[in-house]
1. I'd like to check one number: the per residue accessible area of region 21-96, probe 1.4 Å, reported in Å² as a whole number.
2. What length, rounded to one decimal in nm, is gained on full extension from Asp63 through to Ala140, with 0.36 nm per residue of separation minus their alpha-carbon distance?
3. Taking the mean number of other Cβ atoms within 10 Å as a proxy for protection, how do you rank 45-51, 25-31 from highest to lowest?
4. Does a label point 7 Å from the Cα of Ala110, set along Cα-to-beta-carbon, have any residues of region 21-65 with amide nitrogen under 18 Å, and which are they?
5. Find out how many positive minus negative residues lie around Cys46, taking Lys and Arg as positive, Asp and Glu as negative, among other residues whose Cβ is under 9 Å from that of Cys46.
6. Kindly identify region 66-195 as rounded, prolate or oblate by the Cα gyration tensor criterion: order the square roots of the eigenvalues as a ≥ b ≥ c, call it rounded if a/c is under 1.5, otherwise compare a/b with b/c, prolate if a/b is larger, else oblate.
7. Let a ≥ b ≥ c be the square roots of the eigenvalues of the Cα gyration tensor of region 1-87; is it rounded (a/c under 1.5), or, if not, prolate (a/b larger than b/c) or oblate?
8. What is the packing order of peptides 79-86, 122-129, 94-101, taking the mean over residues of other C-beta atoms within 10 Å and listing the highest first?
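The values are calculated or read from the model by the stated rules, or taken from the named source; none is laboratory data. Predicted model only: the values in this text are computed from it and were never measured. No Cβ is skipped: glycine too gets one built from the backbone with ideal geometry, and neighbour counts run over all protein chains shown. These accessible areas exclude ligands, DNA and RNA; they are computed on the full protein's heavy atoms, side chains included. Shrake-Rupley method; radii C 1.70, N 1.55, O 1.52, S 1.80 Å.
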Amino acid sequence: MKISGVLLAAGAARRFGRPKALLSWQGEALVARAARALLEAGAHECLVVLGSDAAEVRAALGDLPVRCVKNPRWEAGMGASIAAGVAAASGDACLVTLADQPGVDAALLARLIAASREGHPRVACRYADTLGVPALFSDADDLATLRKLDGDRGARALLASAPERAFALDAPEAAFDIDDEADWERWQLRNSRSP
């Protein structure tokens with residue numbers, strides 16, 4: 001099974017005030033870290049969905065072997081970006097992830113891929129009493145639904161529609177996403193301490 005990584009990096013980050021995908025952590029932009037994690041986890045391709053600040057985000061990816069997908073409807077919301085990424089994917093399955101979840105690494109994504117290869121057509125991270133992304137979908141009906149998403153409804157709505165169908169991986173590291181400057185400051189403070 002070929003797995004396409006779909007990395008969402010199209011949003012304008014209005015609450016944050018600047019592109020979150022371009023924030024630098026340990027010398028690398030968050031979008032590049034997320035793309036590298038997908039590739040290291042075993043995705044056969046990494047599709048980075050661009051929208052706002054597309055040229056800058058593309059530049060931050062450097063020479064990583066990724067394919068950028070411009071979502072002309074990025075302002076419509078996350079659903080439109082998922083649809084654009086899944087529509088461009090060449091794999092049998094799509095692993096949807098975000099640029100602004102700095103705790104998500106290759107090891108977690110590899111666990112999702114392993115669960116999918118064990119026969120689970122829908123695998124999601126469980127955190128904060130919910131199922132969410134990163135999430136991997138290999139069922140043809142799920143992929144068709146993702147290609148039709150629009151607006152701000154993302155993969156979480158699909159997962160919530162039938163939670164019993166998803167194989168859930170406990171992933172507290174995926175619970176933290178960066179919405180505003182306070183979140184970013186919290187992340188840096190929490191993770192800059194010496195071991």
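1. Working: 3030 Å² over 76 residues.
Per residue, region 21-96 has 40 Å² of solvent-accessible surface.
2. Details: separation 77, 0.36 × 77 = 27.72 nm, distance 3.21 nm.
Full-extension gain reported as 24.5 nm.
3. Working: 45-51: 24.7, 25-31: 17.3.
Order by mean packing, descending: 45-51, 25-31.
4. 33-46
5. Values: positive: Arg36, Arg67; negative: Glu45.
Within the 9 Å Cβ shell, the charges total +1.
6. Details: a/c = 1.76, a/b = 1.28, b/c = 1.37.
In terms of gyration-tensor shape, oblate.
7. Details: a/c = 1.96, a/b = 1.12, b/c = 1.75.
Oblate, since a/c reaches 1.5 and b/c is not below a/b.
8. Working: 79-86: 24.9, 122-129: 20.0, 94-101: 26.5.
Answer by packing, highest mean first, reads 94-101, 79-86, 122-129.
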